[in-house]
Amino acid sequence: MSIIVYGPQGSGKNREAGEKIAKHFGLRFIELPEPGKPLPDDAIVFTDSPKEGALDFFKVMAEIDAHLSK
């Protein structure tokens, strides 16, 4: 399963956040996917543009932070 995470530019979507989210979901973070090629089944990528089915960056980070604080 690959995951797309949406957040506006400047929201904190960076390599560190990508690796943290990928670890949380048991996937690998791909910083720049190859244009026109399908995502691997075990990847997470960021986008600035809302996409159908994309997860909200802020909600994902809040979920991870809540999980880590337990």
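Observations on the structure shown:
- Protein accessible area in the chain, 1.4 Å probe - carbon and sulfur %: 53
- Only Lys, Arg (+1) and Asp, Glu (-1) charged, at Cβ; the chain dipole about Cα centre in debye: 120
- Residue separation of Arg15 and Lys37 scaled by 0.36 nm, minus their Cα-Cα distance, works out to 5.8 nm of gained length.
- Furthest towards positive pole of dipole, Ser11, Pro35, Ser49, structure part the chain, Cβ charges: Ser11
- Nonlocal amide H pairs with Leu55, under 5 Å, H built at 1.01 Å: Ile4, Val5, Tyr6
- Per residue, the chain exposes an accessible area of 70 Å² to a 1.4 Å probe, with every protein chain left in place.
- Length-normalised contact order of the chain in % [C-alpha pairs under 8 Å, at least 6 apart]: 48
The values are calculated or read from the model by the stated rules, or taken from the named source; none is laboratory data. Here the structure is a predicted model, which means the values were calculated and not measured. Here Cβ is always computed from backbone atoms with ideal geometry, including for glycine, and neighbour counts include all displayed protein chains. The accessibility values were calculated without ligands, DNA or RNA, using every heavy atom of the protein model including side chains. Shrake-Rupley method; radii C 1.70, N 1.55, O 1.52, S 1.80 Å.
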